[in-house]
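Working notes, beginning with the structure itself.
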Ligand code: KG4
Ligand code: ZN
C-alpha cells in the first residue's frame, strides 16, 4: 500500500463549513472556512435545516478554493477525511456525502473522523507539537471532557460534564444577558470590562473528589443574580451590571476548569496538557491555565485560536494520521449524531488487543 501524503478534510458537523488540505510531509497546505453565524443570528441559535442547506451551498466552492490556494488539482488528493459525528445529522450528511463521492470518483480511500478527535489532535498542527502521552481538556459547545491520551485512538475519559458543556453554558448565559448568538466570545469580551470583586459565583463540583463537571447551575445562578440586581436599573448602571455578572461567570468557569486540570495532572501524572475546542480560545482560561500548570511543571499546548473553534484543518490532519496508519472506512457514510470519544480505537485495531 502506497503511503498517503495529501489528504482533503471536510468539516460540516454544526454551523461552520470547513475544508482543508493537509500533507504528512509538508504540513497544512491550505484551509478555508465559511461561518454560518450571520445565517442563524436572527434565530438566536443554530437552525439545523438551514445549516444543512448552507453546507450544501458552500462545500464545493470551498474545496475549489483550497485546491487553488495550494496550487493543486483534484488529482493530487490521495485521501479524503470527513467529520462523521458527533453533530447535527443533516449537517454531517452533507459533508460525508461530498467527501465519500469525491473519494469514490478519485479512486482514493476515505476515512470517517470523530469531531472531538479532530479537536484533540489540533494542537499537533502547531510548533512545538506535544508528544504523546498527554492530558487533554476538551471544551466546546457540545462537550467538556478531561481525557488521558496515550496515542492516536487511545483515549480514556477521566471526567466530563454531567449537564451543560462549558461552551453551552457560555452561550446560554450570554443569551440571558442579552448578548445574542453565539455568545461565548461576546461574553468573554464583556467580562474584560467587569469588576471581578462585585460577585463571587460558586465553583461547581470542586468541593468533592472526581473529575466530572456541572455547569447548568452556574447559568441559573447568573440569571438569579442578574435579575435581582437589575431591578430598577437602566442605562450605564445596567451595562455595568451585565459586565460584572459576565466577569463573575467567566471567573467561576475558568477557576473550575483550572482546579480540575490541576487535580487531573496530579492524579494521572501526565506531563503535558493539551487544551482544545472552541472555549480554548478564551484568553482568561489560557492565562490562568498557563500560570497554574507552570507551578505544576506541566507544559500546556493550544491550537491557534482559529483552530480552537470548528475548522477543516483539524479534520484533514486527524484523517491523515488515520489514513497514513492504514485505516480505511467502508463504503457506508457511517454518520452518527452521538458518538463517544472513548469508543474510538487506534488504527489497525483488530479487536483482539486489550485497552
Ligand atoms: O468547538 P466549537 O467551535 O464547536 C463545537 O464543537 O461545539 O465550540 C464552540 C463553542 C461555543 O459555545 C462558543 O461560544 C465557544 O465555543 N467559544 C468561546 C470563545 N470562543 C468560542 N467561549 C468562551 N470564550 C471564547 N473566547
Ligand atoms: Zn467543535
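The values are calculated or read from the model by the stated rules, or taken from the named source; none is laboratory data. As the structure is a prediction and not an experimental result, all values here were calculated from the model. Note that we place each Cβ from the backbone using ideal geometry, even for glycine, and neighbour counts take in every protein chain shown.
Some points to look at:
- Screening residue 333 against (1) more than 16 Å from ligand 1 (Cβ to nearest atom); (2) under 30 Å from residue 183 (Cβ atoms); (3) in contact with a helix residue (DSSP H, G or I) (Cβ under 6 Å, 6 or more places away or on another chain) leaves a single unmet condition, (2).
- Filter result for residue 158 (under 15 Å from the mean Cα position of the chain (by Cα), in the same structural domain as residue 259 (by TED's automatic domain parsing), within 19 Å of residue 206 (Cα to Cα) and more than 7 Å from ligand 1 (Cβ to nearest atom)): no
- Qualifying residue in the range 261-278 (condition: part of a helix (DSSP H, G or I), in contact with a helix residue (DSSP H, G or I) (Cβ under 7 Å, 6 or more places away or on another chain), without any contact (Cβ under 8 Å) to a residue 60 or more places away in the chain and under 29 Å from residue 176 (Cα atoms)): no
- Just one of the listed residues (167, 210, 142, 159) is assigned to a helix (DSSP H, G or I) and closer than 30 Å to residue 343 by Cβ, namely 167.
- So residue 167, is it surrounded by 18 or more Cβ atoms within 10 Å (Cβ to Cβ), modelled with pLDDT of 95 or more and out of contact with any strand residue (DSSP E or B) (no Cβ under 7 Å at 6 or more places or on another chain): no
- Number of the exception - residue 135 against (1) buried (at least 18 other Cβ atoms within 10 Å of the Cβ); (2) away from ligand 1 (no atom under 16 Å from the Cβ); (3) not assigned by TED's automatic domain parsing to the domain that holds residue 154: (3)
- Residue list for the range 186-202, filter: within 16 Å of ligand 1 (Cβ to nearest atom) and either free of Cβ contacts under 8 Å to residues at least 60 places away in the same chain or over 19 Å from residue 215 (Cβ atoms) (or both): 186, 189, 190, 192, 193, 194, 201
- Scanning the range 1-30 for residues being assigned to a strand (DSSP E or B) and under 21 Å from residue 87 (Cα atoms) gives a total of 9.
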